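**Q** The structure is given below, and queries will be raised subsequently.
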Amino acid sequence: MTQEKKLRFLFAINPVSGGKDKSDWDAGIREYFREAPHTMEILNLNGETDEQTLPDRIAAYRPDRLVAVGGDGTIKFVGEFALERNLPLGILPAGSANGLASELGLPMTVRESIEIAVNGIETPIDLIRINDHDLCLHMSDIGMNAQLVKYFQDNNLRGKLGYARGAFRVLMRSKLMQIEIDTGEETVQRAAFMVVLANARQYGTGAVINPEGDVSDGRFEVVVLRKLSFFEILKMFYRFRPFDPSHIEIFQATEVRLTTRRKAYFQVDGEYRGKVRQIRAEILPGRLRVMLAKPA
């Protein structure tokens, strides 16, 4: 009988992700590894020195697998180091918005998600490279939602109630952008409230903005919100029929250039990036290895 290989796991926990206490996740990790043949270390992120402490711990501990414990922002941050060091990425969805984890079919409970991070199967997923240096694992957008992300961060809001308050404020102030969309195959001019670069189907709120999205299909979608419609927004949550393209238009692409007449708010995976007039994006097929559940 072949002896199971002992692996080293480095867990990077964001203790304030989503405003949730992560003590249950910390305790669950420690309990699991008391019985497992593997070893682990836990690094608590602080949001200030992480750019230095995480790579230092990776270099010193030399893990076989890196595991992000938090929401979409934490997964993006830790995932970039996993990519850089060619390590598989495990995900424990401990944030208030766990859009990518939901997209990947990961369980939201401590024990089950740890089990997949340890014993799941490595699966390559696509990334979107933006402006030659930034990486998007999930969703990026310009316009209305990015303005909401900025408001959310500026006011230190947490949870679904904070999101709802911010959404109402932003909706009252939203203006149409004049934007050119060049996919390399076609160029169109649109007036839009926001344009999404979607590597996946849904936001962390559960809103399905890109029904045909697939994180492993070698392409992404450019979703153009042209009109604010209650019924079209309702479809994002109930998915009972396709969007009306005069309200929400979707282009498939492997690369795109967006150019706005005036600077507009821009965010990548829930992190505000400032106001921009131009965005370049291209797909990086199957670039990141993520631990997912084994097929039934």
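**Q** Can you tell me which residues in segment 82-91 are in a helix (DSSP H, G or I) and in contact (Cβ under 8 Å) with a residue 40 or more places away in the chain?
**A** Within segment 82-91, 82, 83 meet the criteria.
**Q** Does segment 53-78 hold any residues that are part of a helix (DSSP H, G or I) and modelled with pLDDT of 95 or more, and which are they?
**A** 53, 54, 55, 56, 57, 58, 59, 60, 61, 78
**Q** Could you tell me whether any residue of segment 115-127 is out of contact with any strand residue (DSSP E or B) (no Cβ under 9 Å at 6 or more places or on another chain) and under 27 Å from residue 34 (Cα atoms)?
**A** yes
**Q** Moving on to the next point. Report yes if residue 141 is buried (at least 24 other Cβ atoms within 10 Å of the Cβ) and outside the structural domain of residue 27 (by TED's automatic domain parsing), otherwise no.
**A** Answer is yes for this residue.
**Q** Tell me, please, whether a residue that is among the hydroxyl-bearing types (Ser, Thr, Tyr) and more than 24 Å from residue 72 (Cβ to Cβ) can be found in segment 218-231.
**A** Checking segment 218-231: at least one residue is among the hydroxyl-bearing types (Ser, Thr, Tyr) and more than 24 Å from residue 72 (Cβ to Cβ).
**Q** Restricting to segment 95-133, count the residues that are within 24 Å of residue 6 (Cα to Cα) and at pLDDT below 90.
**A** Total meeting the criteria: 0.
**Q** A further question on this structure: Can you tell me which residue within segment 97-124, out of those that are closer than 30 Å to residue 277 by Cβ and hydrophobic (A, V, I, L, M, F, W, C), is surrounded by the fewest Cβ atoms within 10 Å (Cβ to Cβ)?
**A** Step by step, filter segment 97-124, then rank; the result is 97.
Matching residues to (1) assigned by TED's automatic domain parsing to the domain that holds residue 36; (2) more than 24 Å from residue 284 (Cα to Cα); (3) not acidic (Asp, Glu):
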site: 75; (1), (2), (3): yes, no, yes
site: 80; (1), (2), (3): yes, no, no
site: 85; (1), (2), (3): yes, no, yes
site: 94; (1), (2), (3): yes, yes, yes
site: 98; (1), (2), (3): yes, no, yes
site: 104; (1), (2), (3): yes, no, yes
site: 111; (1), (2), (3): yes, yes, yes
site: 114; (1), (2), (3): yes, yes, yes
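**Q** Could you list, ordered by first residue, the pairs with Cβ atoms under 9 Å in which the first is in segment 118-134 and at positive phi and the second is of a type in the set (Val, Ile, Thr) and crowded, with 18+ Cβ neighbours inside 10 Å, at least 6 apart or interchain?
**A** 131/279
The values are calculated or read from the model by the stated rules, or taken from the named source; none is laboratory data. None of the values given here were measured: they were computed from a predicted structure. Cβ: placed from backbone, ideal geometry, glycine included. Neighbour counts: every protein chain shown.
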